[in-house]
Amino acid sequence: MPKAMSLSQVMKLLESQGDEKVRQRYVRDGVVDNVFGVLLGKIRGLAATLGTNHGLGLELWGTGNHDARILACMLLEPAALTEKEARGLLEPLSNPTLVDELVGRVLVHAPVAPRLQGKWMDGRKELPRRAGWKLLAGRIARGLEKELDVGATLERIERELPDAPYRVKEGINFCLVWIGLHLPAYTSEASAIGERLGRWDPRPIPKGCTSSYAPEWIAAALALRKGEKTEARKAMDAAAKAKAPRGEGKPAVAKAKVASARKKSAAKNPSARTRAR
């Protein structure tokens, strides 16, 4: 059963769970101030304890605290949001992480989503434009865009992505990949558009992550569905194995066999055990 807590109680709990290293990481990612640095897993646990609570969610959002707003995204009731309220939550934001959380956890499920989506995609502000494209992607994945002209959308993606601001590029590319993954009839076309657009993201790919290059992202996600690995992933795994120190990554069974053999050898040669001491 959900637990009732006041705003002040929740804020005190969040503050007590803050971690300075996590906070500094958030700051590096652009969360300039008003952040405790609570691990996402702890926020999820608190959300599960509180349950859906739209009123408390709005209060948490109103604090301006980053951790509180992430929690709010897990408590808000999408059906209860008016278009004005939804715009009031998202449009003042300056952090893409919060934009993505609000869109992915709340707005994609909201009845007002179609109107917001069109308004934001056609606008000029960077993060709302990102939100519009992410909203479209999320609705495609959930089968909510029954009347979408996919061909025209793909043409728009290819036309707009090259000159879009970076954070909008991310949103448009995300939508391209989601079309390729969730609309099988357009998978090949989405990959082909990605090839023509090229590698627009200059950032290095973090270890263990998938490239944002649409053809590779689509291929990796489809392979994962089948329980397979792409050639790129196989090459990365092989390179990591080659760099590993000798003996590291040895299967647990092999390690156990080696340990067992050593014990048997020691049992047959007591003097060796004595020397070892």
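The values are calculated or read from the model by the stated rules, or taken from the named source; none is laboratory data. Source: prediction; values computed, not measured. Here the Cβ is made from the backbone with ideal geometry for all residues, glycine too, and neighbour counts use every protein chain on show.
Got a number for residues in the stretch 102-134 being under 24 Å from THR52 (Cβ atoms) and in a loop (DSSP other than H, G, I, E, B)? Give the steps one after another, and end with the answer.
First, pick out the residues of the stretch 102-134 that are under 24 Å from THR52 (Cβ atoms): 102-117, 131, 134.
Retained after the next criterion (residues that are in a loop (DSSP other than H, G, I, E, B)): 106, 110-112.
Residues meeting the conditions: 4.
Select from the stretch 1-38 the residues that are hydroxyl-bearing (Ser, Thr, Tyr) and in a helix (DSSP H, G or I) and write down the one among them that is farthest from PRO78 (Cα to Cα).
It comes out as SER16.
From the residues in the stretch 184-200 that are under 23 Å from PRO165 (Cβ atoms) and surrounded by 14 or more Cβ atoms within 10 Å (Cβ to Cβ), which one is modelled with the lowest pLDDT?
Among those that are under 23 Å from PRO165 (Cβ atoms) and surrounded by 14 or more Cβ atoms within 10 Å (Cβ to Cβ), it is TRP200.
Going by what's in this entry, would LEU176 be described as more than 30 Å from GLU15 (Cβ to Cβ), surrounded by fewer than 20 Cβ atoms within 10 Å (Cβ to Cβ) and not β-branched (Val, Ile, Thr)?
Working: more than 30 Å from GLU15 (Cβ to Cβ): yes; surrounded by fewer than 20 Cβ atoms within 10 Å (Cβ to Cβ): no; not β-branched (Val, Ile, Thr): yes.
No: the conditions fail for LEU176.
What about ALA137, is it surrounded by fewer than 21 Cβ atoms within 10 Å (Cβ to Cβ) and assigned to a helix (DSSP H, G or I)?
no
From the list GLY45, GLY41, GLY55, which residue is over 23 Å from the mean Cα position of the chain (by Cα), surrounded by fewer than 19 Cβ atoms within 10 Å (Cβ to Cβ) and assigned to a helix (DSSP H, G or I)?
Residue meeting the stated conditions: GLY55.
Which is of a type outside the set (Val, Ile, Thr) and in contact with a Cys (Cβ under 7 Å, 6 or more places away or on another chain), of ALA152, ALA137, ALA110?
Checking each option against the conditions leaves just ALA137.
Kindly evaluate PRO92 against the criterion of being surrounded by fewer than 23 Cβ atoms within 10 Å (Cβ to Cβ) and part of a helix (DSSP H, G or I).
On the way: surrounded by fewer than 23 Cβ atoms within 10 Å (Cβ to Cβ): yes; part of a helix (DSSP H, G or I): no.
No: the conditions fail for PRO92.
Kindly indicate whether PRO111 is closer than 19 Å to VAL31 by Cβ, of a type outside the set (Asp, Glu), surrounded by fewer than 17 Cβ atoms within 10 Å (Cβ to Cβ) and at pLDDT 95 or above. Spell out the reasoning first.
Details: closer than 19 Å to VAL31 by Cβ: no; of a type outside the set (Asp, Glu): yes; surrounded by fewer than 17 Cβ atoms within 10 Å (Cβ to Cβ): yes; at pLDDT 95 or above: yes.
In short, no.
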